[in-house]
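Below is one structure; the comments refer to it alone.
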């Protein structure tokens, strides 16, 4: 699996670099750098919106939510996303119409101009900053723990975080918003493909969708209705989450910006409808992964379930793709958030395009590469530093079983136990040699 | 023509609001009930899937008759 991971990971990084170089132009305007010249088409538009919207939560949170709280998770996210795509058209039309007369550099600046007062702009900027920095930090922290666990002992966690932030900064600095949009398109595609490969494996391990749901009914029938076994999906909870999710295009600057930078209203319309279909496709797959987990790993921890369902129960190439997909999901959401904070800051600044551009990005070789004057980097550095203040059992930190760990085998009888003799062995090699029989259910699954 | 489109668009907004309200009634999320199933999908899942598809359909119709359609074509 490690070999596949290195191959696929390298291809992914190369694709990001290609996107970045393709987007690079020497004499570009501020709008070209920060807003891709307001010229994003519908296909790239839907992929960048989806990649910025669907974070690692879709990859890990949703399957686990279906596994532990049942099918109400569909109402929680998919129905809310359906409402959201309608709002994109409704709200999108009005904001774009206004932008034509006022101009657009970022939501904070837009609000300041609209109300002719600084307070709304500052309020939006502060709330966006307070919301997005911890959000981005969680993801940076998540990926660094994930890589630290995968390549055990190779590098400390903080080094992985530095590398990840470094990659994000470099390709955003070279290519600007257009590079981020292209990389989002790559990441959105990877995410959709990987999640369906895993979903299909989960269905096939039971033979059919019917057998999968029949098994869930025998194990825990409460999962098939609301409010679910833990009583999470009450009407109050679902209404509150519906309102919050539907308003995302208006409340999260990285997504508002994507609504504004689409080429024209026709492209926005196509983007909105395609996004609805994209959301259905991607969430539907997580239903199957979650139901699979409900039968195979009903009592496992989140980390145990994810490690097994996404990695160990898959063919090694799919497992490696899953890791790349997870990295892609975290990366695309995080860079969209961080770049949006830079855009918001820029929209509050005054001065010529050249001055603002110089202050919101790393200068091209004029000596401020590591200069503290680059204010937009504050958000990146803030997120980076904040990631080390978070102390939580990350859902992406999967428990790799130590060689000879009998407790792991007790919990997951369907999984082989690594038995490496080499001290540098990560255990993955042994698992590679023993194909996992995912059709084998836990011994007590009928007791339900 | 534009006024007619505007009226239809407002009807679609109403349809989306009604759809949103219906979602939180026992018609879509009956407590503790997963029958009848459709294509082996439990009740709340297939009704939720239909609601989501209807939202996308309403959005698509809205894009076709939107009063601002073609305004900023370049």
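The values are calculated or read from the model by the stated rules, or taken from the named source; none is laboratory data. This one's a predicted model, so the numbers in the text were calculated from it and none came from an experiment. All Cβ positions, even for glycine, are placed from backbone atoms using ideal geometry, and neighbour counts span all protein chains on display.
Observations, loosely collected:
- Each residue in region A:261-277 was checked for being within 9 Å of chain B (Cβ to nearest Cβ), part of a helix (DSSP H, G or I), at pLDDT below 90 and more than 14 Å from residue A:87 (Cα to Cα), and 1 pass.
- Any hit, region A:237-255, residues being in a loop (DSSP other than H, G, I, E, B), more than 10 Å from chain B (Cβ to nearest Cβ), touching a strand residue (DSSP E or B) at 6+ places or on another chain (Cβ under 7 Å) and under 20 Å from residue A:51 (Cβ atoms): no
- Filter result (at the interface with chain A (Cβ under 7 Å from one of its Cβ atoms) and within 10 Å of the chain's Cα centre (by Cα)) within region B:41-52: B:51, B:52
- Per-region count, region A:217-236, residues within 11 Å of chain B (Cβ to nearest Cβ) and farther than 16 Å from residue A:74 by Cα: 2
- Those helices (runs of 4 or more DSSP H) lying entirely in region A:1-74 with at least 3 residues at pLDDT 85 or above, closer than 24 Å to residue A:341 by Cβ and out of contact with any strand residue (DSSP E or B) (no Cβ under 6 Å at 6 or more places or on another chain): A:42-53
Results for (1) under 22 Å from the mean Cα position of the chain (by Cα); (2) under 30 Å from residue A:124 (Cα atoms); (3) surrounded by 19 or more Cβ atoms within 10 Å (Cβ to Cβ), shown as yes or no for each residue.
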residue: A:225; (1), (2), (3): no, no, yes
residue: A:236; (1), (2), (3): no, yes, no
residue: A:244; (1), (2), (3): yes, yes, no
residue: A:267; (1), (2), (3): no, yes, yes
residue: A:278; (1), (2), (3): yes, yes, yes
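- Checking each residue in region B:23-40 for being more than 7 Å from chain A (Cβ to nearest Cβ) and either within 10 Å of the chain's Cα centre (by Cα) or without any contact (Cβ under 8 Å) to a residue 12 or more places away in the chain (or both) picks out B:25, B:26, B:35, B:36, B:37, B:38, B:39.
- Filter result for residue B:8 (more than 7 Å from chain A (Cβ to nearest Cβ) and either at pLDDT below 95 or in a helix (DSSP H, G or I) (or both)): yes
- Flag if residue A:243 is within 30 Å of residue A:339 (Cα to Cα) and either outside the structural domain of residue A:342 (by TED's automatic domain parsing) or modelled with pLDDT of 90 or more (or both): yes
- Subset tally (residues that are away from chain B (no Cβ under 14 Å) and either surrounded by fewer than 19 Cβ atoms within 10 Å (Cβ to Cβ) or closer than 15 Å to residue A:322 by Cβ (or both)) for region A:200-209: 4
Residue by residue, here is whether (1) over 22 Å from residue A:55 (Cα atoms); (2) part of a helix (DSSP H, G or I); (3) free of Cβ contacts under 8 Å to residues at least 40 places away in the same chain; (4) in the same structural domain as residue A:143 (by TED's automatic domain parsing) holds:
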| residue | (1), (2), (3), (4) |
| --- | --- |
| A:172 | no, yes, no, yes |
| A:181 | no, yes, no, yes |
| A:194 | no, yes, no, yes |
| A:207 | yes, no, yes, yes |
| A:212 | yes, yes, no, yes |
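- Criterion: assigned to a helix (DSSP H, G or I) and either in contact with a strand residue (DSSP E or B) (Cβ under 8 Å, 6 or more places away or on another chain) or farther than 27 Å from residue A:212 by Cβ (or both) - qualifying residue of B:13, B:50, B:29: B:13
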